1. Go through segment B:93-99 residue by residue and turn each phi into a ³J(HN,Hα) via Karplus (6.51, -1.76, 1.60, θ = phi - 60°); whole Hz please, and just put x for glycine and proline.
2. Can you give the FRET efficiency to the nearest 0.05 for B:ASP126 and B:HIS35, using r as the Cβ-Cβ distance and R₀ = 30 Å?
3. When the Karplus curve 6.51 cos²θ - 1.76 cosθ + 1.60 is applied with θ = phi - 60°, which whole-Hz ³J(HN,Hα) does each residue of segment B:128-134 get, with x for Gly and Pro?
4. Can you figure out the FRET efficiency of B:VAL161 with A:HIS188, using R₀ = 51 Å and their beta-carbon distance, to the nearest 0.05?
5. Kirkwood hydrodynamic radius of segment A:91-231 from all distinct Cα pairs, in Å?
6. Could you tell me what fraction of 2.2 N^0.38 Å the Cα radius of gyration of segment B:3-184 comes to, as a two-decimal ratio?
7. Quick check on my link table: of A:LYS70/A:LYS206; B:LYS90/B:LYS202; B:LYS63/B:LYS90; A:LYS51/B:LYS54; A:LYS218/B:LYS54, which ones sit more than 25 Å apart, alpha carbon to alpha carbon?
8. Cα-based Rg of chain A per 2.2 N^0.38 Å, rounded to two decimals?
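The values are calculated or read from the model by the stated rules, or taken from the named source; none is laboratory data. Everything quoted here is computed from the prediction, not taken from an experiment. Cβ atoms come from the backbone with ideal geometry, glycine included; neighbour counts cover every protein chain shown. Heads up: the accessible areas ignore ligands, DNA and RNA and are worked out on the full protein's heavy atoms, side chains in. Shrake-Rupley method; radii C 1.70, N 1.55, O 1.52, S 1.80 Å.
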Amino acid sequence: MTAVLPRLLILAAAVMLAGCATRPPASDPAAVRAFQQINDPWEPTNRVMFKIDQGLDAALIRPVAWTYTKVVPQPARNGVTNAIANLRSPITFVNDVLQGEATRALETFWRLIINSTIGLGGLFDVGARVGVPGHTEDFGQTLAVLGAGEGPFLYLPILGPSGVRDGIGLGVDNFGLDPVSWYSYNSHNIQWIQWAYLGAELVDAKSTTMATTDELKKSSIDYYAALRSAYRQYRAKEIRNGAPPPAGSMPSFDDEDGDPFAPEKPQAPR
Amino acid sequence: MNRRRFCLISATALTCPALAFAQEWKSDPSAFVSHFAQVGIVEVLEAKISQKEKAERFRTLFKGLFDIPAIARFVVGRFWRTTPPAEQEKFLKVFEDVIVYTWNRRFSEYNGQTLKVESTAPDGTDGSVVNSRIVGKGSNDSFAVQWRLRNRDDGLRVVDVIIEGVSMAITYRQEYATIISQQGGMPGLISALESRARDLAKEVG
């Protein structure tokens, strides 16, 4: 039994090595810069994970989510979304505190108290109705606020697009801070609850994001590449807590001079 | 001042504000975005016409108010300069088609949403970014849309639309860079886009 773990690690290392993207030659600096900007050295492995994820999605998660949206009326689905958000709010609270966001931490705290009681265990978002809308934070964002870079891109089956930093964050949030995990760490408690909760989380997330991701899929040729770009931009916005990017940091590209949207200059004859 | 000149001045003073007001949207960033939304809602989204007519009306609006060549050059990035002019033309055409048909698919989902301009800030050397929200009927279905505008000789043009932090231009650029380097360069990208445009056109009918 003890020999299994080292063997698994060797296998994992072999898969990673086999699945490395080819770095462009140093003689093409623009291509090297683009390679670094894409920051996806495990792209071949990630694309395999993406294929597995899309397969699981088509065969299982999407049909379940689709049936759920057709069978369960919108108000009831909103209740489920609210209840899951309420159960996740301790994770948000801890990360608000770790990021030094006192006001946001207090908002999360009072929302948890009010929604769990008057909101009948989180089914109704009373906080939002009295002018305190919810927000989410996660440990990946906390690491970013503390200065950690996003790290190479990772595509996780079922969980979708991520990165090394956000993957670590996901582990800390779900195993360290999630109240449902804490509940199940006590072996006297009912164990299937955490699996039911995980299933509910997946179906809820799918049913609320399906329209947006379908749109991206339809408008893209390489859905994986489009998703990778959109995920990172969306995360950057979440890390800024929704604020517009600071002045001057709107996309400028290091392979362009000046405004990348400038009208075309007449080219010198070559 | 003679009488005739006085008349001319007062006539100009009376008519000019009205003229300036009618044309103001062409140079005022927030009025420009509101104009686009208003025309889009009245003449495309709420118009009682077929999907195909909606697509064509939207194309006219889109071509008039967006700087499509600048966006196309941006999304192709460093590969643009090495692309022969004939291929650049082909790309421009198919890129426009894909965007028109992609937006067109969403028109049937329109359910009375409105656009509210919230603020405007300078962007780049001579541009602006307009921050707005699309507001729906429910309390949860509102989302942030930023419009990046540039001043051109004959008025403002949109160069990018950023929805909830996700820029269309950057997403296309990063996706297309991957396709160009992995799937047969610009010819590969163009033929993939052409077949996608054909599929989307069939949905429009």
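1. Couplings: 5, 6, 5, 4, 4, 4, 5 Hz.
2. According to the calculation, E is roughly 0.95.
3. Working through the residues one at a time gives 9, 10, 9, 8, 9, 10, 9 Hz.
4. Plugging the Cβ-Cβ distance into 1/(1 + (r/R0)^6) gives 0.40.
5. Numbers: mean 1/r = 0.0581 Å⁻¹.
Averaging 1/r across every pair of different Cα atoms and inverting gives 17.2 Å.
6. 1.22
7. Result: A:LYS51/B:LYS54 exceed 25 Å.
8. Details: Rg = 21.8 Å, N = 270, 2.2 N^0.38 = 18.5 Å.
Cα Rg divided by the expected 2.2 N^0.38 Å: 1.18.
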